[in-house]
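The values are calculated or read from the model by the stated rules, or taken from the named source; none is laboratory data. Quantities reported herein were computed from a predicted structural model and do not represent experimental measurements. For neighbour counting, all protein chains shown are included, and Cβ atoms are generated from backbone atoms with ideal geometry for every residue, glycine included. Protein only, heavy atoms only, side chains kept; ligands, DNA and RNA dropped before computing areas. Shrake-Rupley method; radii C 1.70, N 1.55, O 1.52, S 1.80 Å.
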Amino acid sequence: MYLLGEQPAYADQLINRLQGIPGQLLEGLDPSGPPLRLEHAEDLAQVLPASQLYLIENGLLHAVVEERPLFYLQEGDLLGLRQGIELPSCRYCSDEPISLRPYSRSSVFKHIYANERRQELFIQYLVGHTALLSDAIARLKQPDVRPSTGFQHFARGDELIQQGDEADHVFIIIEGHAEAFVDGQKVGDVQKDEIFGAMAVFTRERRSATVKASEPCTVMVIPKDQFLSLMQSNPRIAHSLIESMARRIDLLNKEVTQLRLLPIS
């Protein structure tokens, strides 16, 4: 996916990373039929069955959001994932020949969920695209909308979130590294591509930790309602994310146990 118009370098970097994910998700899975070739299309939703996902082999697809051209899809992009996600209406069209490789929607999801690494890649892909679209749409709206969504930058030592705050957003670090603190004590690290802040969104409680940038960071900011909508549209995604958070909690528990066993000097 490529956004139209000028955009920051960090958005370009994220787009380039997301571009390679569909091929990894579909590796080892057979297509459900021969490639579908279209000379042009005014609205692909009118001609493509909802039971299929499509990998773009050749050509460009223009996406019109709220009747405004916003981005386009090209070779390597995956088409058909927007079903059930509460994003602005989007019409895909093409003025040139396009070739689409079909995959059974149910088979794709079974294939993804059969492998932990593919699950993590799929979460990154969906959350990444949601954040990119949110950022692009915010840039089309009034300036007072922009600070709460899209991308934010933090200098070393800045607080990304603060313990005790309301949980209005979920975050993912695009570039940089951060550390988590509870009551002033470091309890863990937040790495590049890691989703954080989701636990408080799920539990509807206040932030349980403060996260500080240990180096300059670029962070995707996803509004709570959009994130929950994404999770509700596919509960298996939520299940995979919760498993990932559970593993992180288990590691933190082990770290705390080891610290308690250290002799007091």
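One line per residue, one yes/no per condition, for (1) open to solvent by 40 Å² or more (accessible area, probe 1.4 Å); (2) under 27 Å from Gln13 (Cα atoms):
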site	(1), (2)
Ala167	no, no
Ala178	no, yes
Asp183	yes, no
Glu194	no, yes
Phe202	yes, no
Arg207	no, no
Glu215	yes, yes
Phe227	no, yes
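Out of all the residues in the stretch 147-163, is one or more exposed (fewer than 14 other Cβ atoms within 10 Å of the Cβ), out of contact with any Gly (no Cβ under 9 Å at 6 or more places or on another chain) and modelled with pLDDT under 85? Looking for residues that are exposed (fewer than 14 other Cβ atoms within 10 Å of the Cβ), out of contact with any Gly (no Cβ under 9 Å at 6 or more places or on another chain) and modelled with pLDDT under 85, one finds at least one in the stretch 147-163, hence yes. Sub-8 Å Cβ pairs linking a first residue in the stretch 80-108 that is under 24 Å from Asp30 (Cβ atoms) to a second residue that is among the hydroxyl-bearing types (Ser, Thr, Tyr) and at pLDDT below 65, at least 6 apart or interchain, are Gln83/Ser233, ordered by first then second residue. Test Asp30 against the stated conditions and say whether it is at pLDDT 80 or above and open to solvent by 40 Å² or more (accessible area, probe 1.4 Å). Answer is yes for this residue. In the stretch 99-118 there is no residue that is touching a strand residue (DSSP E or B) at 6+ places or on another chain (Cβ under 8 Å) and at pLDDT below 85.
All of Glu39, Glu67 fail the test of being at pLDDT 85 or above and over 24 Å from Ser107 (Cβ atoms), apart from Glu39.
Scanning the stretch 1-27 for residues that are open to solvent by less than 50 Å² (accessible area, probe 1.4 Å), at pLDDT 80 or above and of a type outside the set (A, V, I, L, M, F, W, C) gives Gln19, Gly20, Pro22, Gly23. In the stretch 155-183, how many residues are touching a residue at least 40 places away in the same chain (Cβ under 8 Å), of a type outside the set (Phe, Trp, Tyr) and not in a loop (DSSP other than H, G, I, E, B)? Number of matching residues: 9.
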